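Notes follow the structure.
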Amino acid sequence: MDSILIRGGNPLRGTIQISGAKNAALPLMTATLLTDEPVTLTNVPALADIRTMAELLAEFGCKAEDQGNNSWQFNTPEITGTVAPYDIVRKMRASVLVLGPLLARTGEAKVSLPGGCAIGTRPVNIHIQGLEALGAEIEIEGGYIHATAPRGLTGTTVTMPVVSVGATENLLMAAALAEGTTVLENAAREPEIGDLIDLLVAMGAVVAGRGTDRITITGQPALHGAAHRVIPDRIETGTFAVAAAITGGDILLTGADHDIVEAILAPLQRSGASVDLLEGGIRVRRDGAGILGVDVMTEPYPGFPTDMQAQFMALMSISHSAAMITETIFENRFMHVPELGRMGADITVHDSSAMVRGVRRLKGAPVMATDLRASVSLVLAGLAAEGETQVNRVYHLDRGYERLEEKLKACGADIERVSGN
Ligand code: UD1
């Protein structure tokens, strides 16, 4: 298995082009199932998860064509299958986003329950309850969610008990082809949902309330083809902003969207980094000044994102003071804590909060993590650490970061990928 070797200590200086957002591109790809006409997406990041989603869509008769230059065309003239098999779904939880579009277009979908820790800690009950409210009949059998809508889907008001990005996306897509009007209350407001609404509207959907927690969808009998550019990745932007701050460097993030990263950049600035919002990008730097401890709590958008929690913790681990990091979205999303500890970080976890007491320096070590953002937090820690860090299980990084080593290397990082057996 490949690993990444980092010799830390270089301040990163240079320019990094921000890629399209993985978490926007995946639901956009599933939305292409809603029409029998071709849909073109540009600025699609070249990532393992995108290829997995293309493979999944092929199960339903979608011809997914990588046209090069981050452009893809998706064409599903006819739905030829309605089963999302366990073997693909277990690799990527976002597979559950095919449920709404398949059900709306064909009246049937059979989607494997996401594997691993999914049931229990990451349930899909809100997706299921919402689709049932729209008239679907759903049974869980043999590890599969089997949904049918013999009389089609009918619009209604759905109040989601918890703010869920995925459930909001699934219901938006299902409602786009439902009979009548659907109101989604307590909807998630993440920018990736705004991007999905933009594509749906370009395909002929009628949607009001973009950017709010109350979205109204007037169902249409059919949607048509469209072309759409994926928004920039705000988590990638935040990750490289932390790379500049943690190494005392100076990075220009080109193509980053100012409007969607405020909650990430504000605590970074409070910690002592300088942030300049420029036309066409964002410059993040930290001079000789030390890093101040800043408390953060993860929240649904527009709060601080859970997908930035691990990276911010890496930064806080070398602050001059202490920081309390509280995770409110996922229980125990602290898998990176013991690994950062192996590098010398001083972190104590109590329930959903981590007390991070800054240490003067981290020291390189062999580490590994079990999820994407935890893995990249170890890369960030390695960039700032003394000596050599070996990050194992890098396939997590390939799921979500396009050309990570190349982008960091171009800014002066001493980083390389080592092929393993
Ligand atoms: C999406 C993102 C993920 C991010 C997360 C929160 C994608 C592909 N993934 O995941 O990177 O970390 O949003 O910003 O966009 N919940 C339920 N029942 C449900 C659904 C969710 O209880 O049916 C709970 C979850 O356990 C969690 C919370 O709701 O505690 C938020 O999860 P959700 O917003 O649904 O996350 P995802 O859409 O899976």
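The values are calculated or read from the model by the stated rules, or taken from the named source; none is laboratory data. Small disclaimer: the values here were computed from a predicted structure and weren't measured. A quick note on method: Cβ atoms are made from the backbone with ideal geometry, for glycine too, and the neighbour counts reach across all protein chains shown.
Restricting attention to the range 1-59 and to residues that are of a type in the set (Asp, Glu) and closer than 27 Å to Val96 by Cβ, the residue that is modelled with the lowest pLDDT turns out to be Asp49. The condition of being away from the ligand (no atom under 15 Å from the Cβ), closer than 26 Å to Pro38 by Cα and in contact with an Asp or Glu (Cβ under 7 Å, 6 or more places away or on another chain) does not hold for Thr157. Does Gly194 count as modelled with pLDDT of 95 or more and either among the hydrophobic types (A, V, I, L, M, F, W, C) or at positive phi (or both)? In short, no. Take the conditions (1) more than 24 Å from Glu388 (Cβ to Cβ); (2) away from the ligand (no atom under 16 Å from the Cβ); Asn332 misses just one of them, which is (2).
If I filter the range 314-324 for residues that are closer than 15 Å to Gly382 by Cβ and either in contact with a His (Cβ under 9 Å, 6 or more places away or on another chain) or free of Cβ contacts under 8 Å to residues at least 24 places away in the same chain (or both), do I get at least one hit? Yes, the range 314-324 has at least one match. The residues listed here are Thr168, Thr148, Thr156, Thr121; of these, the one that is surrounded by 24 or more Cβ atoms within 10 Å (Cβ to Cβ) and either at pLDDT 95 or above or closer than 21 Å to Pro300 by Cα (or both) is Thr168.
For residues that are surrounded by 15 or more Cβ atoms within 10 Å (Cβ to Cβ), over 20 Å from Leu177 (Cα atoms) and of a type in the set (A, V, I, L, M, F, W, C), tally how many sit in the range 129-145.
Within the range 129-145, the subset surrounded by 15 or more Cβ atoms within 10 Å (Cβ to Cβ) is 129-131, 133-136, 138, 144-145.
Next, from what is left, pick out any that are over 20 Å from Leu177 (Cα atoms): 144-145.
Of the ones still in play, those that are also of a type in the set (A, V, I, L, M, F, W, C) are 145.
Qualifying residue count, the range 129-145: 1.
So, in the range 379-401, exactly how many residues are of a type in the set (Asp, Glu) and over 25 Å from Leu26 (Cα atoms)? Break it down into steps so the answer makes sense when it comes.
First pass over the range 379-401, keeping only residues of a type in the set (Asp, Glu): 386, 388, 398.
Still in the list and also over 25 Å from Leu26 (Cα atoms): 386, 388.
Total meeting the criteria: 2.
Against the conditions (1) more than 30 Å from Pro123 (Cα to Cα); (2) in contact (Cβ under 8 Å) with a residue 60 or more places away in the chain; (3) surrounded by fewer than 23 Cβ atoms within 10 Å (Cβ to Cβ); (4) not hydroxyl-bearing (Ser, Thr, Tyr), where does Val275 fall short? Just the number, please. Status for Val275: all satisfied but (2). Residues in the range 92-115: is at least one under 18 Å from the mean Cα position of the chain (by Cα), on the phi < 0 side of the Ramachandran plot and among the hydroxyl-bearing types (Ser, Thr, Tyr)? Among the residues of the range 92-115, at least one is under 18 Å from the mean Cα position of the chain (by Cα), on the phi < 0 side of the Ramachandran plot and among the hydroxyl-bearing types (Ser, Thr, Tyr), which makes the answer yes.
Scanning for something out of contact with any strand residue (DSSP E or B) (no Cβ under 9 Å at 6 or more places or on another chain) and either modelled with pLDDT of 95 or more or at negative phi (or both), does the range 61-72 turn up at least one residue? Steps first, answer last, please.
Keep residues of the range 61-72 that are out of contact with any strand residue (DSSP E or B) (no Cβ under 9 Å at 6 or more places or on another chain), which gives 61, 68.
Still in the list and also either modelled with pLDDT of 95 or more or at negative phi (or both): 61, 68.
The answer is yes, given that some residue of the range 61-72 is out of contact with any strand residue (DSSP E or B) (no Cβ under 9 Å at 6 or more places or on another chain) and either modelled with pLDDT of 95 or more or at negative phi (or both).
Counting residues in the range 300-309 that are surrounded by fewer than 22 Cβ atoms within 10 Å (Cβ to Cβ) and either away from the ligand (no atom under 16 Å from the Cβ) or among the basic types (Lys, Arg) (or both) gives zero.
In the set (1) at pLDDT 95 or above; (2) away from the ligand (no atom under 16 Å from the Cβ), the condition left unmet by Phe312 is number (2).
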